[in-house]
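Engineer: Supplied in structure tokens, the structure appears directly below.
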Amino acid sequence: MRIIRYKKNEATLQLAVVTNESFVFDLPYPDFMSFVHEAEKQGKTVLALAQEFTINEPVEKYENTILTTPLDAPEVWAAGVTYEKSRDARNYEATEGKLDATTFYDKVYDAERPEIFFKSTAARTVGPGQEVYLRSDSNWQIPEPELGLVINKDGKILGYIAGNDMSCRDIEGENPLYLPQAKMWKNSCSIGPAILLADAVDDPYELTITCRIFRQDEKVFEGMAYVNQLKRKLDELVSYLVLDNEIYDGTVLLTGTCVVPPNEFTLNDGDIIEIEISGVGTLRNPVKQLVKKESVAN
Ligand code: DO4
Ligand code: MG
């Protein structure tokens with residue numbers, strides 16, 4: 001069972017529950033966290049409360065809805081180098097293309113403490129169908145398809161969402177201290193298309209992540225991974241994020257990438273990125289190249 005937010009009309013965003021048969025039922029709550037709080041108030045699971053609304057007449061089929069982000073995540077954080085594939089790709093960038101190189105990325109992959117970084121704010125985060133941007137000062141940019149955890153202020157995992165941690169491999173590889181610039185700019189993060197309720201998932205490690213990239217209607221990349229390839233546990237990542245930190249209800253934690261396009265690949269203006277997570281759905285975003293402003297130094 002999934003939660004979405006769709007455009008009811010020009011002025012209204014409607015929260016709704018989607019059944020496994022793809023029927024949409026409106027929920028009488030303004031946003032995802034109000035719905036979660038109502039379930040808590042009634043002493044029910046979010047799944048049980050959602051199910052109560054599915055006895056009504058469905059309002060729509062899922063494929064006919066115009067989706068937005070299912071929630072306005074106040075902050076998006078991200079874990080890095082949590083899969084072997086990401087460690088190897090980071091080593092390649094940091095050593096100007098040496099295959100089998102070892103660097104500090106090996107150290108963080110093996111360390112007890114994971115890498116966790118600040119990725120995005122609500123204003124920088126886009127949803128289904130909205131453009132993700134390419135930085136104007138990078139020549140090597142890729143999507144990072146990741147399983148996102150929707151958590152509350154205490155770190156409880158409420159649901160799963162697809163996320164795109166857009167990344168500049170050249171800036172990241174030049175110097176690890178450039179990480180915030182390699183990761184964070186306008187429209188550099190996308191989340192959606194739905195929140196798969198945690199109560200509805202037996203084993204999140206069985207989820208799969210698929211990424212496809214289309215250029216002029218032709219598929220130029222497809223890759224797939226299993227969440228069970230993750231080096232760490234999901235709760236372990238959350239516990240490091242919340243430790244001595246102030247986290248807000250509806251925060252999203254991206255859990256790292258395990259699907260990396262070939263090293264020669266870079267995104268182009270007009271590409272379409274699809275990130276599909278089993279049970280969650282497909283997050284689709286067009287890509288737009290930002291143009292360098294003259295006022296920026298050099
Ligand atoms: O260390 C750089 C970030 C890595 C990352 O974003 C990932 O592994 O997904
Ligand atoms: Mg990432």
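The values are calculated or read from the model by the stated rules, or taken from the named source; none is laboratory data. Quick caveat, the model's predicted, so the values are computed rather than measured. Backbone-built Cβ (ideal geometry, glycine too); neighbour counts: all protein chains shown. For the accessible areas, the whole protein counts, side chains as well, though only heavy atoms, and no ligand, DNA or RNA atoms are used. Shrake-Rupley method; radii C 1.70, N 1.55, O 1.52, S 1.80 Å.
Engineer: In segment 226-243, which residues are under 20 Å from Arg212 (Cα atoms) and in contact with a Pro (Cβ under 8 Å, 6 or more places away or on another chain)?
Structural biologist: Selection gives Val227 alone.
Engineer: Still on this structure, please answer the following. Any idea which of Val36, Val76 is crowded, with 16+ Cβ neighbours inside 10 Å and part of a strand (DSSP E or B)?
Structural biologist: That would be Val76, the only listed residue that is crowded, with 16+ Cβ neighbours inside 10 Å and part of a strand (DSSP E or B).
Engineer: While we're on this one: If I ask for residues that are crowded, with 21+ Cβ neighbours inside 10 Å and within 16 Å of ligand 1 (Cβ to nearest atom), which ones from segment 153-172 would you list?
Structural biologist: Listed by number, the residues that qualify are Ile161, Ala162, Gly163, Asn164, Asp165, Met166, Ser167, Cys168, Arg169, Ile171, Glu172.
Engineer: Where in segment 197-298 are there strands (runs of 3 or more DSSP E), lying fully within it, with 1 or more residues that are surrounded by 15 or more Cβ atoms within 10 Å (Cβ to Cβ) and in contact with a helix residue (DSSP H, G or I) (Cβ under 6 Å, 6 or more places away or on another chain)?
Structural biologist: So the answer is 251-257.
Engineer: On the given criteria, is Glu93 modelled with pLDDT under 95 and either within 13 Å of ligand 2 (Cβ to nearest atom) or part of a strand (DSSP E or B) (or both)?
Structural biologist: Considered against the rule, which asks whether it is modelled with pLDDT under 95 and either within 13 Å of ligand 2 (Cβ to nearest atom) or part of a strand (DSSP E or B) (or both), Glu93 comes out as yes.
Engineer: Within segment 180-196, can you find the residues that are within 16 Å of ligand 2 (Cβ to nearest atom), more than 15 Å from the chain's Cα centre (by Cα) and open to solvent by 30 Å² or more (accessible area, probe 1.4 Å)?
Structural biologist: Pro180, Gln181 - these are the residues of segment 180-196 that are within 16 Å of ligand 2 (Cβ to nearest atom), more than 15 Å from the chain's Cα centre (by Cα) and open to solvent by 30 Å² or more (accessible area, probe 1.4 Å).
Engineer: For segment 88-109, indicate whether the set of residues that are of a type in the set (A, V, I, L, M, F, W, C), surrounded by 20 or more Cβ atoms within 10 Å (Cβ to Cβ), within 16 Å of ligand 1 (Cβ to nearest atom) and under 20 Å from the mean Cα position of the chain (by Cα) is non-empty.
Structural biologist: Yes, the conditions are met somewhere in segment 88-109.
Engineer: Do the conditions hold for Leu13, that is, is it in a loop (DSSP other than H, G, I, E, B) and touching a residue at least 40 places away in the same chain (Cβ under 8 Å)?
Structural biologist: In short, no.
Engineer: For segment 153-185, what are the residues that are part of a loop (DSSP other than H, G, I, E, B) and of a type outside the set (D, E, K, R)? Outline the logic, then answer.
Structural biologist: Let us first name the residues in segment 153-185 that are part of a loop (DSSP other than H, G, I, E, B), namely 153-156, 166, 175, 184-185.
Scanning segment 153-185 gives Gly155, Met166, Asn175, Met184, Trp185.
Engineer: Is it the case that some residue within segment 44-59 is among the acidic types (Asp, Glu), surrounded by fewer than 16 Cβ atoms within 10 Å (Cβ to Cβ) and either under 20 Å from the mean Cα position of the chain (by Cα) or part of a loop (DSSP other than H, G, I, E, B) (or both)?
Structural biologist: There is at least one residue in segment 44-59 that is among the acidic types (Asp, Glu), surrounded by fewer than 16 Cβ atoms within 10 Å (Cβ to Cβ) and either under 20 Å from the mean Cα position of the chain (by Cα) or part of a loop (DSSP other than H, G, I, E, B) (or both).
Engineer: Here's another thing I want to ask about it. Output yes when any residue across segment 133-152 is surrounded by fewer than 18 Cβ atoms within 10 Å (Cβ to Cβ), in a strand (DSSP E or B) and more than 10 Å from ligand 1 (Cβ to nearest atom), and no when none is.
Structural biologist: Taking every residue of segment 133-152 in turn, none turns out to be surrounded by fewer than 18 Cβ atoms within 10 Å (Cβ to Cβ), in a strand (DSSP E or B) and more than 10 Å from ligand 1 (Cβ to nearest atom).
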